[in-house]
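The structure appears right after this line, and notes come after that.
The values are calculated or read from the model by the stated rules, or taken from the named source; none is laboratory data. Computed from a predicted model, the values in this text were never measured in an experiment. Note that we place each Cβ from the backbone using ideal geometry, even for glycine, and neighbour counts take in every protein chain shown. In case anyone asks, the SASA skips ligands and DNA or RNA and just uses the protein heavy atoms, side chains included. Shrake-Rupley method; radii C 1.70, N 1.55, O 1.52, S 1.80 Å.
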Amino acid sequence: MSAVVAEAAATPTVTPTALPPGPRTPRLWQTIRFALWPYATAGMAAQRWGERYTVWSIGERGKMVIFTDPEAIKDIFTANGDDLRSGEANAPILGPILGWHSILLLDGERHHRERRLMAPPFHGERMHVYGRLMREIADRVIDAWPVGRPFPIHREMQAITLDVILRAVFGVDEGAALTRVREQVERFAAQANGPSAPFIALKPFQIDLGRWTPWGRFVRNRDAIRTILVDEIARRRAEGTAGRTDILSLLVEARDEHGAPMSDEELLDEMFTLLMAGQETTATSLAWVFYHLLRHPDALAKLRAELARVVGGGPVEAKHLPQLEYLDAVTKESARLTPVATNVMRRLHAPARIGGLDLPAGISVSASIYGTHHRPDLWPDPERFQPERFLGARPSPNTFFPFGGGVRRCLGAAFATYELKIVLAEVLSRVELRIAPGYRMRPVLRAITVAPSRGVPVVMERRIG
Ligand code: HEM
């Protein structure tokens, strides 16, 4: 017997397990339901079908098994990135939006190379470089808030996170260029997060019939931003990066193990990806934290007391953050209760055993962030906002994963966490806010996030500092 035949004979053939049951409603209805009630759909499915169930996969033909049990989540996050492919799962929706070199669309060795090139600028220890910039940007936005008149806090957080990305990540300096790109991105974001968002994200609607169709308008807005980014990359290459700390400059200088730099196309798609992945997610997370804090005066008072004790009257700095435990707990509890991304997906390139199920190649699996974060056995009284549950606790990456996990865990997690804390501390040390009267929150699905409806209207009662 040859070695190959002997090996084949020794390898047991695994019969795929039957897929777990799930809703049998038509694919279109499942998509519409999720688009209209993203949290409720996930919550009700877990109640009805348990910790694993099968749905139609959004954005492509085929089935997806959704998991909320830590054992299966662990299998998903520790699997080889070549067997469980995130890029392949993301491609149908994100490919036409982000460009095909985007890290979110790559798998296997290409993803590994891109990740190695992009990770160093996002390392946690580097974040203090951006603290002062984040504070200055927050201050400029806070200075313009009116006293006594309602305004949506989400819109204000978008203004902050956009300028943070443009300046800290792209390195666009104050001036005409910043104004130009800011306006263009705001126009783009307004469309991507407006009522036509589903027509952008879903493949059947991605038809360009000119600027009067949602996709046509989207393509034109997207290309206008890409043109600005092309100019910015060319300028950085021409002028050099000496003395610069922005992430684009670091990526221009990055080299892989063969000494090769990132190409212009790669840089362009990655910068566009960072803009898409980093701005709205962080702004929406901030909007959620304000929503929860303003509805829980006890938690707000505890946070204010901690800030006064640790930071005093001055600006919050990197050195304060390790001592701000309640601030950390508040941001985590908000991400547990109302995660801006409801789930992460992988596509099986090879048969795999997930949570004891033998699944065939071609199927998609999802680690449900919302579903896992709301399991009463893992999180007692799960619907309650209770930051104390994170005090002195180190939750497992298989039970708490607002940034996804494994080799695909969010590249900007440290950046976003740092920004959340700096901005929250700055706002709370400078103003007193309350939720506008009559506001009733509904979670709404926007382009890539679930956000509180109407941007959470708030009223600024007074300035403190
Ligand atoms: C609170 C804000 C944010 C949240 C909740 C968030 C969440 C996520 C999630 C759930 C994923 C998918 C992980 C997976 O598949 O396992 C992801 C991926 C990613 N995020 Fe974030 N993100 C945030 C902010 C940012 C920021 C600020 C940046 C960069 C400026 C960023 C860049 C990325 C990138 C590049 C990926 C793809 C990583 C890969 O495929 O290797 N994100 N993020």
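Residues are listed down the side, and each one gets a yes or a no for (1) closer than 17 Å to Ser334 by Cβ; (2) under 18 Å from the mean Cα position of the chain (by Cα); (3) at pLDDT 95 or above; (4) open to solvent by 20 Å² or more (accessible area, probe 1.4 Å):
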| position | (1), (2), (3), (4) |
| --- | --- |
| Pro402 | yes, yes, yes, yes |
| Leu411 | no, yes, yes, yes |
| Ala416 | yes, yes, yes, no |
| Glu419 | yes, yes, yes, no |
| Val423 | yes, yes, yes, no |
| Glu432 | no, no, yes, yes |
| Pro437 | no, no, yes, yes |
| Val444 | yes, yes, no, yes |
Single match in Ala299, Ala341, Ala361 (criterion: more than 16 Å from the ligand (Cβ to nearest atom) and part of a loop (DSSP other than H, G, I, E, B)): Ala361
Which ones in region 364-404 are away from the ligand (no atom under 16 Å from the Cβ) and of a type in the set (A, V, I, L, M)? Leu378, Leu391, Ala393
Scan of region 274-325 for residues that are among the hydrophobic types (A, V, I, L, M, F, W, C) and exposed (fewer than 15 other Cβ atoms within 10 Å of the Cβ), ordered by number: Ala301, Ala305, Ala308
Yes or no: Phe199 surrounded by fewer than 19 Cβ atoms within 10 Å (Cβ to Cβ), assigned to a helix (DSSP H, G or I), without any contact (Cβ under 8 Å) to a residue 60 or more places away in the chain and among the aromatic types (Phe, Trp, Tyr)? yes
Could you tell me whether region 218-229 includes any residue that is at pLDDT below 90, assigned to a helix (DSSP H, G or I) and over 17 Å from Leu98 (Cβ atoms)? no
Those residues of region 366-381 which are in a loop (DSSP other than H, G, I, E, B) and in contact (Cβ under 8 Å) with a residue 24 or more places away in the chain, in sequence order: His374, Arg375, Leu378, Trp379
Filter result (more than 14 Å from Arg115 (Cα to Cα) and in contact with a Pro (Cβ under 9 Å, 6 or more places away or on another chain)) within region 250-267: Val252, Glu253
Go through Trp37, Trp49 for me and flag whichever is more than 14 Å from the ligand (Cβ to nearest atom), open to solvent by 40 Å² or more (accessible area, probe 1.4 Å), under 30 Å from Asn193 (Cβ atoms) and of a type outside the set (Asp, Glu). Trp37
Filtered residue count, region 230-252, keeping only those that are in contact with a Phe, Trp or Tyr (Cβ under 8 Å, 6 or more places away or on another chain) and part of a helix (DSSP H, G or I): 3
